[in-house]
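Bear in mind that the values in this text are calculations on the coordinates, not laboratory data. Keep in mind it's a predicted model, so treat the numbers as computed, not measured. FYI the Cβ positions are ideal-geometry reconstructions off the backbone, even for glycines, and counts take in every protein chain you see.
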Ligand code: KG4
Ligand code: ZN
């Protein structure tokens, strides 16, 4: 049984292929950084056009990489939301058209569920219930993951997402787009106590996050200091910024584990690729008797294998009837 997954919710045109044991045969993608860089963020219309241009070639590349042929594919999973409407429609139309042609089923997938499934690709033995911290460019939320693909929201951000905080603060520091991974690299070896940026809600008894105060604080810091000073101390400023975001994510993860009484937490979404976050969660887990699971690096940011994985897992559990195929920009986990 082979599932092909298509992801096109934002600025990655991606295709992954997995089998029923979640072995990954291919995970290919085209990242549209070049198309959006000069705008400093993703332009939805440009993203949709770029998906349209690349999707066929990426699916071909995934098939070639896998060593399979199109006739080996048994079902096609595609992201139906949340995401940008134009990009979602391109992926969904391609997936439905191809599935119709091959006379196989097409399955609409919740992108957030895909991010969670990414962790099963490298840790197939994790069993619900567990806590999940989803940290991406568009989402920051804590969820209780139950059996049978059921989810209970424990808390989410009131404003910006963690990835957005990395990107926007990094942009203020002149680090371009997307700044998240650049901040992470620059921070390595820097003085994390150089500036004390705010950690909103971190110590409060709530699952809510807020990153807008941090963004304002970085803006003030940039306004109050000369460009030369910022450039000379960029490493330490990035380390301090990363420390503030990671502190918040760690405190909130501890809050969720305490609230649920669970000892396993999955961290997923683009920001889960942050090495400092991974290290801090591991150390914290050893001290506080919990285990944090992360996807392998290639499955942290948007990819096709995670979409194929959740489609395959639902098929394996006879749960495909729970999936809806309508494309929608807003979608809660479990819908
Ligand atoms: O999951 P993802 O690929 O797309 C969404 O669903 O939003 O996440 C992208 C986000 C971006 O904000 C990017 O800057 C951030 O993940 N990101 C990182 C790192 N790698 C990606 N943030 C911090 N450190 C990283 N190493
Ligand atoms: Zn994502």
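List of remarks:
- Overall Cα dimensions of the range 228-296 - principal axes, largest extent first, Å: 48, 23, 18
- Between helix 44-66 and the chain: long-axis angle, C-alpha atoms, 0 to 90°, nearest 10: 60
- DSSP beta bridges in the range 1-113 [antiparallel fraction, %, rounded to 5]: 60
- Likely footprinting exposure, 54, 252, fewest C-beta neighbours within 10 Å first: 54, 252
- Ranking of 134, 140, 328 by neighbouring Cβ atoms within 10 Å, starting from the fewest: 328, 134, 140.
- Between helix 85-102 and the chain there is an angle of about 20 degrees, using the helix long axis and the longest principal axis of the Cα atoms.
- Sorted on the mean count of surrounding Cβ atoms within 10 Å across their residues, most packed first, peptides 302-310, 1-9 read 302-310, 1-9.
- Percent of C-alpha pairs per 5 Å bin, the range 68-123, short to long: 4, 19, 24, 20, 19, 12, 2
- Pairwise Cα distances in the range 1-131 exceed 23 Å in 32 percent of cases.
- The chain: projected area of the alpha-carbon convex hull, averaged over directions, in nm²: 16.1
- Percent of beta bridges antiparallel (DSSP, the chain, rounded to nearest 5): 60
- Residues 166, 194 arranged by fewest to most Cβ contacts within 10 Å: 194, 166
- Cα centroid of the range 69-86 to Cα centroid of the range 252-278, whole Å: 28
- Burial order of peptide ranges 321-327, 18-24, 112-118, 158-164 (average beta-carbon count within 10 Å, highest first): 112-118, 158-164, 18-24, 321-327
- Helical content alone sets the calculated 222 nm signal of the chain at -14000 deg cm²/dmol, taking -39,500 (n - 2.57) per DSSP H segment of four or more residues and averaging over every residue.
- Part-to-part distance (alpha-carbon centres) for the range 132-187 and the range 283-335, which is given in Å: 15
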